[in-house]
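The values are calculated or read from the model by the stated rules, or taken from the named source; none is laboratory data. Here the structure is a predicted model, which is why all the values come from computation and not from measurement. Because the Cβ atoms are built from the backbone with ideal geometry, glycine has one as well, and the counts that use them run over all protein chains shown.
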Ligand code: C5P
């Protein structure tokens, strides 16, 4: 039976600069994305009808997942099928490893993986340009999940341009038991920053640190405008960031709109040591180590 598995990565925003809301309600962003080695694997098989099954590892706990109708994978299938004037059919299995509702774009990774996998399964040969446009319709982070690596994101995050990155970056990621609503964090940003600029300023120091491959320079340049609003909504996240830095991380940062906290470390060894030190806390039972940058959504098995 014909089947394809596509692997898609989580992302971290190394820089997230947010401007005043636009007329469409979205916020203009200047962001630097990095794809890191935490992945969801999505497998598609030929079928007469459409189905989506999501497998969640025990460590994610009893999280509520969207129904087939609401799943972003179904939305991706519908948009791609409509573009080609065909009916969406297939049986999809998603094996999740990216923390859900954590600010690491797990849903966007699944959408990107679905586009790549279904394009092959249906043999429709979508152009890169069309795939990126459909991805942008699905969510602000979905084009980056296709592209991967390290990249500059502008617009509402959907306009993606690859950046030079000479480093191997080691991260510790600490997901939270409870998700945080992205729209709620953006709304709180608006309350805290009624005078936000229309165009968020450039991130030149961070872009230079990535090109130089220097973890200390990168640590000094990490920045997230959504960090203060996320910590205001969840003060314990601030304590966790302090703790990771006290345990030897070069810098702690909220990932995207949170609540996952990420810690940049000097080396693989340092990341394992920080992860070990943070592992004894029952309030966050899961501590992950990942490196970046890694590839965007790509085929891993084909049969
Ligand atoms: O584009 P996406 O579906 O990922 O966005 C989810 C929500 O995050 C939006 O409905 C909006 O509330 C907020 N958002 C925003 N500005 C952005 C990206 C997302 O306000 N640039």
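Observations
- Residues that are touching a strand residue (DSSP E or B) at 6+ places or on another chain (Cβ under 8 Å) and farther than 22 Å from residue 215 by Cβ within the stretch 250-289 comprise 284, 286, listed in sequence order.
- Against the conditions (1) modelled with pLDDT under 95; (2) over 21 Å from residue 291 (Cα atoms), residue 190 satisfies every one except (1).
- Put simply, of 253, 226, 240, 218 the only residue that is within 16 Å of the ligand (Cβ to nearest atom), under 29 Å from residue 281 (Cβ atoms) and at pLDDT 95 or above is 226.
- Qualifying residue in the stretch 219-233 (condition: part of a helix (DSSP H, G or I), out of contact with any helix residue (DSSP H, G or I) (no Cβ under 6 Å at 6 or more places or on another chain) and either free of Cβ contacts under 8 Å to residues at least 12 places away in the same chain or crowded, with 19+ Cβ neighbours inside 10 Å (or both)): yes
- No other residue among 296, 292, 258 is within 13 Å of the chain's Cα centre (by Cα) and at positive phi apart from 258.
- Scanning the stretch 190-213 for residues that are in contact with a helix residue (DSSP H, G or I) (Cβ under 9 Å, 6 or more places away or on another chain) and either surrounded by 18 or more Cβ atoms within 10 Å (Cβ to Cβ) or assigned to a loop (DSSP other than H, G, I, E, B) (or both) yields 193, 196, 203, 206, 207, 209, 210.
- Within the stretch 132-147, residues that are modelled with pLDDT of 95 or more reach partners that are away from the ligand (no atom under 11 Å from the Cβ) and in a loop (DSSP other than H, G, I, E, B) with beta carbons closer than 8 Å, at six or more positions or on different chains, in the pairs 134/126; 144/296; 145/296; 145/297; 146/296; 146/297; 147/296.
- Taking the stretch 151-180 as the range and being more than 16 Å from residue 227 (Cβ to Cβ), part of a loop (DSSP other than H, G, I, E, B) and within 15 Å of the ligand (Cβ to nearest atom) as the test, the residues that pass are 155, 156, 157, 158, 179.
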